[in-house]
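Since the structure comes first, as structure tokens, the remarks are kept for the end.
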Amino acid sequence: MAAFGPKGRDRHNGEIRVAKIVGALGVPHTPFFPALVEREGADCSTARLFAAVTRELEAMRPDLLVMFDTDHLNTFFLDNLPIFAVGVGSAFKGPNDEPRAVPIYTIPSRPDVAAHIRRAGVEAGFDLALVQEFTVDHSVVVPLHFMTPRMQIPVIPIFVSGHVPPLPSAQRCFDLGAAVKRAIEGFAEPLRVAVIGNGSFSLEVFGPRIAPGKSDGVPDPAWAERACALIAEGAYDALIAETTPRQLRKAGNVGGEILNWIAMLPSVDGRRPKFVTPQMEQGHAYAAWTWS
Amino acid sequence: MSTYAVNYLCRELLRDHAFRAAMKADPAGALARHDLTEEERTALLAGDVAKLYRLGVNAFLMGYLPRFEVCGLTMPLYNERIRTCAAEAEREAGA
């Protein structure tokens, strides 16, 4: 360890020996997508959209995924509900909420990196809860089911409270994401890390603003479109400014999931996405940022 | 906070398959051991999800009631009933 300078470079040969972020993704986690794709096949729009982000993820050749996620009162509950938490374990199982057509996976993780991120986050002023013995719900597993179904890449989940008000502010989530980015870039192992944010921009699930005849609905499609447009332009400051508590309420009872995307954004260092493809009937999008 | 008990048993429908079966077979009996107000118990047994929403129960968790078809609820019936709160939900959201 003594061989590493303050910026994590090996003083002897200048080789970078710390982890680096090699790309980022934004994805949805809709629980009925696995059954839908099983039914409709690889040519349906959802299968193709997930295939597009999976191609980008594979090209990043990541050794580790760090995923900002909102649990749906399955990992946590109303008796114990952290605003932010880091999953620190060698592996975890999921889904724990029985989405159709999804097997129970065992997902490997990196407790050493997770503990480092948590320690660095706390030192940076973020009160990150520790969760060591846990399972995860569809929100973590559905994107992985499509993107890394062999579960060969370790995943560190960072949980952001996005459903049960009061929610953390958009700025706070962005700042958390910046602290996580710095922590990753300070980990003394040359890991290639992809950062993922998951969830919807506008969605109501089982609440009063669902669509007639459905279990969900998009209460504020204009906001979902606006969020996509701001992301496409790289206008992240504007996105943070416009993601107000009132806008989050208008967006639907799970619209706070956009906070996971906002926490992912510091990892892209101001770059514009390679693509952001909306799927407006669900109020969400698929996006990829690549640079190396 | 009393609505906690309703929120809790909604999630128990997902987690505890024996409770799920009991709620399908004999909801009043299955709810007897839960510490509910009479208002909550009556609304639950009637599948009155609009009433429960107005009492402050979490709507996402109430979705387990029609998902597992307990308290006489099906998805179409749930949809019809919860949407009677749409106007007030829009107002509360400032939409």
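Scanning residues 5 or more positions from A:Ala129 or on other chains, those with amide H under 5 Å from its amide H are A:Phe84, A:Ala85, A:Val86, with H placed 1.01 Å from N in the peptide plane. Given +1 at the Cβ of Lys and Arg, -1 at the Cβ of Asp and Glu and no other charges, the dipole of segment A:3-159 around its Cα centre is 660 debye to the nearest 20. Partner lysines whose Cα lies under 26 Å from the Cα of B:Lys24, excluding those fewer than 8 positions away in the same chain, are identified as A:Lys214, B:Lys51. 3J(HN,Hα) along segment A:72-80: 9, 6, 10, 5, 10, 8, 5, 7, 7 Hz, from the Karplus curve 6.51 cos²θ - 1.76 cosθ + 1.60 with θ = phi - 60°, whole Hz, x for Gly and Pro. Projected onto the charge dipole of the protein assembly as shown (+1 at Lys/Arg Cβ, -1 at Asp/Glu Cβ, origin at the Cα centre), which of B:Thr42, A:Leu130, A:Val18 gives the Cα projection farthest towards the positive end? Sorting the options by dipole projection puts first A:Val18.
Build a GNM of chain B with springs between Cα atoms under 10 Å apart, and of B:Ala28, B:Ala50, B:Ala18 the one that fluctuates most is B:Ala18. Whole-Hz Karplus values for segment A:161-169 come out as 6, x, 10, 10, x, x, 8, x, 6 Hz, taken residue by residue from phi with 6.51 cos²θ - 1.76 cosθ + 1.60 and θ = phi - 60°; glycine and proline positions read x. Count Lys and Arg as plus one, Asp and Glu as minus one, and take only other residues whose Cβ is under 13 Å from that of B:Asp26; the net charge is then +3. Approximating the spin labels as points 7 Å out from Cα along Cα→Cβ, the B:Met75-to-A:Met151 distance works out to 2.7 nm.
This model, with +1 at the C-beta of Lys and Arg and -1 at the C-beta of Asp and Glu, gives segment A:108-213 a dipole about its Cα centre of some 200 debye. Mean residue ellipticity, 222 nm, helices only, chain A: the sum of -39500 (n - 2.57) across DSSP H runs of n ≥ 4, divided by residue count and rounded to 500, is -10000 deg cm²/dmol. Within the listed set A:Ala263, A:Ala188, A:Ala170, the Gaussian network model of chain A (springs between alpha-carbon atoms below 10 Å) gives the highest mean-square fluctuation for A:Ala188. About the centre of its Cα atoms, the protein assembly as shown shows a dipole size close to 780 debye [charges on the beta carbon of Lys, Arg (+1) and Asp, Glu (-1) only; nearest 20 debye]. Ignoring lysines fewer than eight residues from A:Lys20 along the same chain, the ones with Cα atoms less than 24 angstrom from its Cα are A:Lys7, A:Lys181, A:Lys274. Looking at segment B:1-87, the trypsin sites (Lys or Arg not before Pro) that sit in a DSSP loop and have at most 14 other Cβ atoms within 10 Å of their own Cβ are B:Arg33. Between A:Ser90 and B:Glu39, the simple label model (points 7 Å from Cα in the Cβ direction) yields a spacing of 5.1 nm. Dividing the convex hull volume of the alpha carbon atoms of chain A by its residue count gives 124 Å³ per residue. Neighbours of A:Gly197, meaning other residues whose beta-carbon lies under 11 angstrom from its beta-carbon, give a summed charge of -2 when Lys and Arg score +1 and Asp and Glu score -1. For the peptides A:52-60, A:83-91, B:85-93, the ranking by packing is A:83-91, A:52-60, B:85-93, with the highest mean count of neighbouring Cβ atoms within 10 Å listed first.
Can you give the net charge of the other residues whose Cβ lies under 11 Å from the Cβ of A:Ala211, counting K and R as +1 and D and E as -1? Within the 11 Å Cβ shell, the charges total 0. Placing a pseudo-label 7 Å from each Cα along the Cα-to-Cβ vector at A:Ala222 and A:Arg246 gives an inter-label distance of 1.3 nm. The reciprocal of the average 1/r between distinct C-alpha atoms defines the Kirkwood hydrodynamic radius, which for chain B equals 13.4 Å.
We did not get these values from a lab; they are worked out from the coordinates using the rules stated. Quick caveat: nothing in here was measured; it's all calculated off a predicted structure. FYI the Cβ positions are ideal-geometry reconstructions off the backbone, even for glycines, and counts take in every protein chain you see.
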